[in-house]
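One structure below.
Just so it is clear, none of the values below were taken in a lab; they were calculated from the coordinates. All values derive from a computational prediction rather than experimental measurement. Because the Cβ atoms are built from the backbone with ideal geometry, glycine has one as well, and the counts that use them run over all protein chains shown.
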Amino acid sequence: MTPEYLSRIRAIYEEALELDAADREAFLAEKCGGDAAVLRDSKLLLAAQKNVPLWLNSPLLGSPPGFDRDVEALPKMEGRMLSGYKLLRLIGRGGMGSVYLAERSDGAFHKQVAIKLVQPGVNGINIPARFQQEREILASLDHPGIARLLDAATTEEGLPYFVMEFVDGLPIDRWCDEHHLNVTERVELFRRVCSAVQYAHQRLVVHRDLKPANILVTPSGDVKLLDFGIAKLLRPLPGGDDTTRTQMGVMTPGYASPEQVNGAGLTTLTDVYSLGVILYELLTGHKPYHSLRSAIREIAKTLAEEEPTRPSEIVAITEETLTPEAVSQVREGDPSRLRKRLEGDLDCIVLTALRKEPVRRYSSVEALGEDLANHLESRPVAAREDSVWYLGSRFVRRHWEGVVAGTLILLSLCAGVISTLWATRIILGSSAPKAMSGRALMAPEMLLFSFVGVAGFGVAAYLSRAKLRRTVSCLAAGVAFAICWMVKLRIDYALGWWRSAFPETPNPLQLFAVPLMLIALTFGVGVLFLGAWRAHRRFGWPGQTVMLVGFSLYFAVRDRFWWQDLMRMMVINNGIVPIVGDAAMFVVVIAIGESVMRLIGGAAGKDTLSRSPRKRIFK
């Protein structure tokens, strides 16, 4: 059968389901158009549909068919004694059974618990075996965010029940709304839910029915997950008689994943999807899908074909009684502020958790929780595509005080450099140089360059994540470069490539104070060698060679063009031979510095970083 053929059969079958049985024959004859194969297969599907359980084509609005009748047939439970506890009153009723508040009966101390009675026939004769097999696993879930299973047994009538820790709290969505938690506070609370779910996943227990009603928040703000593992505990053994009833009981349509509705294999990624739905509701007040109140085959179609609206967009839409003002009032207070808060990271995080294909979701609940933590800490999140602008914006948001301070320092340094050089130009253009020595004019500039070099090297060492040994080796390479550069400057003077503009000091080397010159060159060029080291780590020798040769050409050209206009203290020969020769000398000088760095710091490729990638500055 081709996909086109199957699609045609499905369309005819679904349209025929909407008709009365008396009208189907004429409809099929018209739609099939004399195609015997299509007619035969359509009739086979319709005939098989008669044997489908009632719930499969019924709206999923709570308890399985017949549940209310079974519960009403139960004997009166209030006042009965179970596992040493007296049942006080009914506090809840769901698809799997009824929950009673109970307290310790012997009076030794006061303790209240919740006892959940499983409805008759949920697992047939297999339930005692499942109790014995699973209750040790469930009892081992010792986490502050999980309501503990205390005991499991059966009543005199053979009804299985669970004794659970009693949690006096509100569903997480109601608790957040009543306390007017903003988006950040809701995300922080939700991360505690992720921690509890991940704890259970590490012990191979999957919840399968995560929803706000199963996540309570106590008056003190503690999160407690209920019925954790009950869905797995009540999963029928192979050959069980009530498979469909069990599936109905452990699945809430509004929070079920596509694979859960389709009957596919369930994994921990099923819980990731359910958590995505819960997070969507906590942040927006809306459900990701408009309506899941139809038959299960329609729910499966909705989950397969409909894409959820972005959280930042849904909060601006009015749905029934939900208005943008009502939603934002219990969150950020203002619709535009709420929409802006959800744009970007949270949009991507929620929609990634709600991917229809399990492999495209977060790989685990832990990964979801980490991305939320990254968002709260203004770090890049895995759900968004990296870009220079995105990484830079997160860095600025995370370290805005340092960025502001650094920007002001950088601007002041730039202003100092420009003003100093400009003042030097003015002095050189006047008659003052006749009364001043070249070294006196150069002293302020060398002092400023020394300060810039030290500050720049510190920033470069931090950003490159260089260890102490690598940092020291780069400084040593800078010292070697500074010494070689001063020797080179003397050679340049001897060859006539450089000379001073001051008649009393024709040698340009005599214009500089040697200590300041060493400091400025050592730290300034140290930045170059730190960059060369990282280039080697990333691209190997070819990348480092290109970088060093490029810098050599840059220095040779710079000194003869725009740098000369700023300095005006050097008279430089601009012929092609001096430029090529100068570049060659720079290559030799940089190669010497590189050799010193390698001798002290070792091979660049084998060098480790001072911080792991997780703790680096941009991630």
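Data for the structure
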item	result
Packing-based exposure ordering (other Cβ within 10 Å, fewest first) of PHE27, PHE539	PHE539, PHE27
Long pairs among LYS224/LYS340; LYS467/LYS488; LYS287/LYS356; LYS224/LYS356; LYS76/LYS111; LYS111/LYS224, criterion Cα-Cα beyond 21 Å	LYS224/LYS340; LYS467/LYS488; LYS224/LYS356; LYS76/LYS111
Proxy reagent accessibility, fewest Cβ within 10 Å first, across HIS286, HIS180	HIS180, HIS286
Ranked by how many other beta carbons lie within 10 Å on average, peptides 197-203, 108-114 from highest	197-203, 108-114
Charge sum, other residues only, whose C-beta stays under 10 Å from GLY285's C-beta, Lys/Arg counted +1 and Asp/Glu -1	-2
Least to most buried among ARG310, ARG89, ARG337, ARG192 (fewest other Cβ within 10 Å first)	ARG89, ARG337, ARG310, ARG192
Cut-off 9 Å between beta-carbons: net charge of the residues surrounding THR270, Lys and Arg +1, Asp and Glu -1	-1
